[in-house]
Amino acid sequence: MEKQLIDKEAISNELAEEIKKLVLEARNKISKEVNGTLVDTYWNIGKTIIEKEQSGKIKAEYGKAILLNVSKKLTNDIGKGFSKSNLFNMRRFYLVYSKIPEASGILGWSHYCELIAIKDENKRNFYEKETINSKWSVR
(Lines give C-alpha, C1' and ligand atoms only; values in the text may rest on other atoms or scores of the structure.)
Protein backbone atom coordinates (compact mmCIF):
# COMPACT_ATOMS: atom_id res chain seq x y z
CA MET A 1 0.00 0.00 0.00
CA GLU A 2 2.79 2.43 0.92
CA LYS A 3 4.64 1.60 -2.32
CA GLN A 4 1.54 2.61 -4.33
CA LEU A 5 1.52 6.03 -2.62
CA ILE A 6 5.19 6.57 -3.39
CA ASP A 7 4.67 5.60 -7.05
CA LYS A 8 1.67 7.92 -7.33
CA GLU A 9 3.68 10.75 -5.79
CA ALA A 10 6.63 10.13 -8.12
CA ILE A 11 4.38 9.92 -11.17
CA SER A 12 2.53 13.09 -10.14
CA ASN A 13 5.79 14.99 -9.68
CA GLU A 14 7.17 13.77 -12.99
CA LEU A 15 3.96 14.65 -14.84
CA ALA A 16 3.81 18.10 -13.23
CA GLU A 17 7.43 18.80 -14.24
CA GLU A 18 6.81 17.75 -17.84
CA ILE A 19 3.70 19.94 -18.09
CA LYS A 20 5.55 22.85 -16.44
CA LYS A 21 8.36 22.51 -18.99
CA LEU A 22 5.87 22.57 -21.89
CA VAL A 23 4.09 25.64 -20.54
CA LEU A 24 7.33 27.55 -19.90
CA GLU A 25 8.62 26.73 -23.40
CA ALA A 26 5.31 27.90 -24.91
CA ARG A 27 5.41 31.15 -22.91
CA ASN A 28 8.97 31.80 -24.05
CA LYS A 29 8.03 31.16 -27.67
CA ILE A 30 4.98 33.45 -27.43
CA SER A 31 7.08 36.19 -25.81
CA LYS A 32 9.63 36.05 -28.64
CA GLU A 33 6.86 36.19 -31.25
CA VAL A 34 5.20 39.15 -29.56
CA ASN A 35 8.51 41.02 -29.18
CA GLY A 36 9.45 40.34 -32.79
CA THR A 37 6.06 41.48 -34.06
CA LEU A 38 6.16 44.68 -31.98
CA VAL A 39 9.67 45.55 -33.12
CA ASP A 40 8.72 44.90 -36.76
CA THR A 41 5.60 47.04 -36.36
CA TYR A 42 7.49 49.91 -34.72
CA TRP A 43 10.12 49.81 -37.49
CA ASN A 44 7.33 50.05 -40.07
CA ILE A 45 5.70 52.91 -38.15
CA GLY A 46 9.06 54.73 -38.26
CA LYS A 47 9.27 54.07 -41.99
CA THR A 48 5.75 55.43 -42.51
CA ILE A 49 6.57 58.58 -40.54
CA ILE A 50 9.77 59.21 -42.53
CA GLU A 51 8.09 58.58 -45.87
CA LYS A 52 5.24 60.96 -45.01
CA GLU A 53 7.69 63.64 -43.81
CA GLN A 54 9.88 63.38 -46.89
CA SER A 55 7.10 63.28 -49.45
CA GLY A 56 5.42 66.23 -47.76
CA LYS A 57 8.78 67.89 -47.15
CA ILE A 58 7.67 68.66 -43.61
CA LYS A 59 9.96 71.01 -41.70
CA ALA A 60 11.17 69.91 -38.26
CA GLU A 61 8.99 72.32 -36.26
CA TYR A 62 5.87 71.21 -38.14
CA GLY A 63 6.89 67.56 -37.78
CA LYS A 64 6.92 67.84 -34.00
CA ALA A 65 3.44 69.33 -33.96
CA ILE A 66 2.16 66.69 -36.36
CA LEU A 67 3.59 63.84 -34.27
CA LEU A 68 2.02 65.33 -31.16
CA ASN A 69 -1.37 65.33 -32.90
CA VAL A 70 -0.82 61.79 -34.19
CA SER A 71 0.15 60.72 -30.68
CA LYS A 72 -3.05 62.11 -29.20
CA LYS A 73 -5.20 60.48 -31.89
CA LEU A 74 -3.52 57.08 -31.59
CA THR A 75 -3.63 57.12 -27.79
CA ASN A 76 -7.32 57.98 -27.93
CA ASP A 77 -8.12 55.38 -30.61
CA ILE A 78 -5.93 52.40 -29.66
CA GLY A 79 -4.44 53.10 -26.24
CA LYS A 80 -1.03 53.60 -24.65
CA GLY A 81 2.34 53.21 -26.33
CA PHE A 82 2.12 56.06 -28.80
CA SER A 83 3.49 59.04 -26.91
CA LYS A 84 5.25 61.71 -28.93
CA SER A 85 8.61 60.49 -27.61
CA ASN A 86 7.80 56.89 -28.53
CA LEU A 87 6.82 57.96 -32.05
CA PHE A 88 10.15 59.82 -32.29
CA ASN A 89 11.89 56.63 -31.14
CA MET A 90 10.12 54.65 -33.88
CA ARG A 91 11.18 57.27 -36.40
CA ARG A 92 14.79 57.14 -35.19
CA PHE A 93 14.69 53.33 -35.10
CA TYR A 94 13.90 53.28 -38.82
CA LEU A 95 16.64 55.82 -39.54
CA VAL A 96 19.26 53.91 -37.52
CA TYR A 97 18.35 50.44 -38.83
CA SER A 98 17.99 50.46 -42.61
CA LYS A 99 16.15 47.15 -42.40
CA ILE A 100 14.29 45.32 -39.67
CA PRO A 101 16.95 43.84 -37.36
CA GLU A 102 17.31 40.06 -37.44
CA ALA A 103 17.44 40.08 -33.64
CA SER A 104 13.94 41.56 -33.39
CA GLY A 105 12.64 38.27 -31.97
CA ILE A 106 15.42 38.21 -29.39
CA LEU A 107 15.67 41.86 -28.35
CA GLY A 108 12.63 43.81 -27.29
CA TRP A 109 11.59 47.36 -28.04
CA SER A 110 13.18 48.63 -24.82
CA HIS A 111 16.53 47.23 -25.94
CA TYR A 112 16.27 49.04 -29.25
CA CYS A 113 15.32 52.30 -27.55
CA GLU A 114 18.61 52.08 -25.65
CA LEU A 115 20.59 51.04 -28.72
CA ILE A 116 19.32 53.82 -31.00
CA ALA A 117 20.56 56.37 -28.48
CA ILE A 118 24.15 55.25 -29.23
CA LYS A 119 25.35 57.43 -32.10
CA ASP A 120 28.54 55.51 -32.91
CA GLU A 121 27.54 52.60 -35.16
CA ASN A 122 30.47 50.39 -34.06
CA LYS A 123 29.60 50.85 -30.38
CA ARG A 124 25.91 50.24 -31.10
CA ASN A 125 26.76 47.00 -32.98
CA PHE A 126 29.02 45.90 -30.13
CA TYR A 127 26.34 46.47 -27.50
CA GLU A 128 23.68 44.82 -29.64
CA LYS A 129 25.82 41.68 -30.01
CA GLU A 130 26.75 41.69 -26.31
CA THR A 131 23.10 42.09 -25.32
CA ILE A 132 22.16 39.09 -27.43
CA ASN A 133 25.10 36.89 -26.39
CA SER A 134 24.94 37.75 -22.70
CA LYS A 135 21.14 37.94 -22.62
CA TRP A 136 21.27 41.34 -20.97
CA SER A 137 18.07 42.87 -19.72
CA VAL A 138 17.48 46.54 -20.41
CA ARG A 139 18.43 47.40 -16.83
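The values are calculated or read from the model by the stated rules, or taken from the named source; none is laboratory data. Predicted model, so just to flag it, every value in this text is computed and none were measured. Cβ: placed from backbone, ideal geometry, glycine included. Neighbour counts: every protein chain shown.
All of LYS99, LYS21 fail the test of being of a type in the set (Lys, Arg), under 24 Å from VAL138 (Cβ atoms) and out of contact with any Cys (no Cβ under 6 Å at 6 or more places or on another chain), apart from LYS99. Comparison of LYS52, LYS32 shows that the only residue that is touching a residue at least 60 places away in the same chain (Cβ under 8 Å) and either surrounded by 11 or more Cβ atoms within 10 Å (Cβ to Cβ) or on the phi < 0 side of the Ramachandran plot (or both) is LYS32.
Please find, among LYS99, LYS52, LYS47, the residue that is farther than 24 Å from TYR127 by Cβ and not aromatic (Phe, Trp, Tyr).
On the way: LYS99 fails: farther than 24 Å from TYR127 by Cβ; LYS47 fails: farther than 24 Å from TYR127 by Cβ.
Within the list LYS99, LYS52, LYS47, the selection yields LYS52.
Would you mind stating whether GLU14 is assigned to a helix (DSSP H, G or I), modelled with pLDDT of 90 or more, surrounded by 10 or more Cβ atoms within 10 Å (Cβ to Cβ) and within 22 Å of the chain's Cα centre (by Cα)? When the stated conditions are applied, GLU14 does not pass them. Step by step: first the residues of segment 60-75, then only those that are closer than 15 Å to ILE50 by Cβ and of a type in the set (Gly, Ala, Ser), then the one that is modelled with the lowest pLDDT. Which residue is that? Residue satisfying both the conditions and the ranking: ALA60. Scanning segment 98-123 for residues that are within 13 Å of ASN44 (Cα to Cα), in contact (Cβ under 8 Å) with a residue 60 or more places away in the chain and in a loop (DSSP other than H, G, I, E, B) gives ILE100, PRO101. Sub-8 Å Cβ pairs linking a first residue in segment 124-137 that is among the basic types (Lys, Arg) to a second residue that is surrounded by 11 or more Cβ atoms within 10 Å (Cβ to Cβ), at least 6 apart or interchain, are ARG124/VAL96; ARG124/LEU115; ARG124/ILE116; ARG124/ILE118, ordered by first then second residue. Tallying residues that are surrounded by fewer than 19 Cβ atoms within 10 Å (Cβ to Cβ) and either under 14 Å from VAL39 (Cα atoms) or of a type in the set (Lys, Arg) (or both) within segment 110-139 yields 9.
Out of LEU74, LEU95, LEU68, which single residue is in contact with a helix residue (DSSP H, G or I) (Cβ under 6 Å, 6 or more places away or on another chain) and either assigned to a helix (DSSP H, G or I) or surrounded by 11 or more Cβ atoms within 10 Å (Cβ to Cβ) (or both)?
Working: LEU74 fails: in contact with a helix residue (DSSP H, G or I) (Cβ under 6 Å, 6 or more places away or on another chain); LEU95 fails: in contact with a helix residue (DSSP H, G or I) (Cβ under 6 Å, 6 or more places away or on another chain).
Checking each option against the conditions leaves just LEU68.
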